[in-house]
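Everything below concerns the one structure shown next.
The values are calculated or read from the model by the stated rules, or taken from the named source; none is laboratory data. Bear in mind that the values here come from a model prediction, so they are computed numbers and not experimental data. Here the Cβ is made from the backbone with ideal geometry for all residues, glycine too, and neighbour counts use every protein chain on show. These area figures cover heavy atoms from the full protein model, side chains too; ligands, DNA and RNA do not enter into them. Shrake-Rupley method; radii C 1.70, N 1.55, O 1.52, S 1.80 Å.
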Amino acid sequence: MTIKAGDILSAREAILLAEAEAVDLSPPIEIPPIPPEAHPNFTRDQKKHVELIENIQKLKRERKAIILAHNYMPKDIQDIADVVGDSLLLAQKGKESNATVLVEASVRFMQDILAVMKKPHQTVLAPDLGALCSLAAHAKPEKVLEWKEAYPDGIVISYVNTDIRIKAISDYCCASANSPKVIRYATIHHPDVPILFLPDVYLGLYAADILKKAGESIDRLWLMMGACHVHDRIKPSHVEEELRKNPGAAVVAHSECSCVSSCIQKIASGKTPEALMQIRSTQGMIDFVRNTPSDTVIMATEVGNIYPIEKAIPGKRIIPASKEAICAFMKQNTLEKVYASLRDLKYEITVDRELAERARIPIEKMLAIV
Ligand code: 13P
Ligand code: SF4
């Protein structure tokens, strides 16, 4: 039987296949073109830019709104946002906020979390409904339900990059920032039962490493063959090439990258000290860059993340492991669309009440286990 993206396998088999690049993990949804306004080198007419910012600020006051922006957003959106962060921070800040309108420049699975957690007086808006996620698209509820039927005592840990229907049938949800903690928590609180981690196989590999380090067998771990098309293309060879060009540079990689396995091996073998190589969330990368003794850091994630790092820690040199690592889904958000979103109160994100009640349980756990 041919193994396909989205299939669920024992961790041992999934890891072997992922390391051998034996399964086609290409995106199951179409990649949209990137609007010119979201391109990293786009410059807007200065007068138009100032006008746009003023209009956004005015609407923000009138509507009692806040703007939340993911770390991959175009610089101009990050500059006017009230909160910039990774998926976990955006969910935390969204939950804490009392603003009437929450505009989140991110992708749909993050906006759905706000829609689930929102207070009755709040409206959640997405600047563009086409901001999907290739990783989330790999996980189909039918596959998870089949696994649950085969392993009725098993537990499901879903990564934040999943559709809300997947979260609703999961026991735990985690983000890249707290995946080690959630995985440890779940394994300690559910000894001996099968565990399904989904949908990212590279993060699954990282989960397997967490279990091994805790002295646990990975026999009870199951993984889904899923990946993000942006991070899947950041290969160990990209990191090696940049290390050759920049001897002494530190490396920080997102747990969704296909270079994760080689980074884990280097750290475990003691060849590279942890101060010079770590696996982090987009936000965690900022702390890593701050603390590493190296002045040059090779960053393995979407290139938009260079901006918040350089803003927080000026003076260090951030080199993308791959300049091609651009998420066209995240880049569906533009400053023009943020303005239109506030002006026309579009596009409102809502989640069916019953679905929201079920999804809220694993999301609350994600917010609590930090
Ligand atoms: P973070 O939680 O690290 O922001 O990651 C989310 C994501 O989609 C990365 O591609
Ligand atoms: Fe999804 Fe990958 Fe884009 Fe992150 S970078 S939102 S995982 S497609």
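SER322's amide H: which non-local residues (gap 5+, or another chain) put their own amide H closer than 5 Å, with H modeled 1.01 Å from N in plane and none for Pro or chain starts?
Under 5 Å from the amide H of SER322: THR301.
Under 8 Å for C-alpha pairs, at least 6 residues apart: give me the relative contact order for segment 300-358, rounded to a whole percent.
30 percent
Work out the FRET efficiency for SER217 and MET1 from their Cβ-Cβ distance, taking R0 = 30 Å, and round it to the nearest 0.05.
Numbers: r = 26 Å, r/R0 = 0.86.
Computed FRET efficiency for SER217 and MET1: 0.70.
Place a point 7 Å from Cα of ARG317 in the direction of its Cβ. Which residues in segment 222-246 have their backbone N less than 20 Å from it?
In segment 222-246, the label zone of ARG317 (backbone N under 20 Å from the point 7 Å along Cα→Cβ) covers 238-246.
At a 1.4 Å probe radius, carbon and sulfur cover how many percent of the accessible area of segment 210-342? Please report the intermediate quantities before stating the final value.
Numbers: 2620 of 5040 Å².
Ligands and nucleic acids excluded, carbon and sulfur reach 52 percent.
Explain nothing, just the number: relative contact order of segment 193-350, from Cα pairs under 8 Å at least 6 residues apart, as a whole percent. Provide the component values of the computation, followed by the final result.
Working: 235 pairs, mean separation 31.6, N = 158.
That works out to 20 percent.
Explain nothing, just the number: relative contact order of segment 1-90, from Cα pairs under 8 Å at least 6 residues apart, as a whole percent. List each step's numbers first, then the result.
Working: 50 pairs, mean separation 15.5, N = 90.
Answer for segment 1-90 is 17 percent.
Quick one: accessible area per residue over segment 227-370, 1.4 Å probe, rounded to a whole number of Å²?
Numbers: 6100 Å² over 144 residues.
Normalised by residue count, the accessible surface of segment 227-370 is 42 Å².
Using θ = phi - 60° and the Karplus form 6.51 cos²θ - 1.76 cosθ + 1.60, what ³J(HN,Hα) does each residue of segment 64-79 get, whole Hz, x for Gly and Pro?
Result, rounded to whole Hz: 6, 10, 10, 10, 10, 9, 6, 4, 8, 5, x, 3, 5, 6, 4, 5.
With the Cα gyration tensor of the chain giving a ≥ b ≥ c as the square roots of its eigenvalues, does the rule (a/c under 1.5 for rounded; else a/b larger than b/c for prolate; else oblate) give rounded, prolate or oblate? Walk me through the numbers on the way to the answer.
Details: a/c = 1.81, a/b = 1.21, b/c = 1.49.
Oblate, because a/c is 1.5 or more while a/b does not exceed b/c.
Using 7 Å Cα-to-Cβ label points, what is the ALA340/GLU30 separation (nm, one decimal)?
Between ALA340 and GLU30, the label points sit 1.7 nm apart.
Take the alpha-carbon centre of segment 136-183, take the same for segment 62-129, and report the distance between them in whole Å.
Answer, in whole Å: 23.
If amide hydrogens are placed 1.01 Å from N in the peptide plane, which non-local residues have theirs closer than 5 Å to the one on ILE298?
Amide H neighbours of ILE298: ALA250, VAL251, VAL252, ILE319.
What is the sum of charges, Lys and Arg at +1 and Asp and Glu at -1, for the other residues whose Cβ falls under 12 Å from the Cβ of ILE210? Before the final figure, lay out the partial values.
Working: positive: LYS181, ARG184, LYS212, LYS213; negative: ASP209, GLU216.
Once positives and negatives cancel, what remains is +2.
Label GLU324 and LYS245 with points 7 Å out from Cα along Cα→Cβ: what is the distance between them in nm?
My value for the distance between the label points is 1.4 nm.
For the chain, what does the helix formula give at 222 nm: sum of -39500 (n - 2.57) over DSSP H segments with n ≥ 4, over the residue count, nearest 500 deg cm²/dmol? Each step should come with its number before you reach the end.
Numbers: 17 runs with 161 residues, N = 370.
Computed ellipticity for the chain at 222 nm equals -12500 deg cm²/dmol.
So for the pair GLU142, ILE361, with labels modelled 7 Å out along Cα→Cβ, what separation do we get in nm?
Inter-label distance under the simple model: 2.5 nm.
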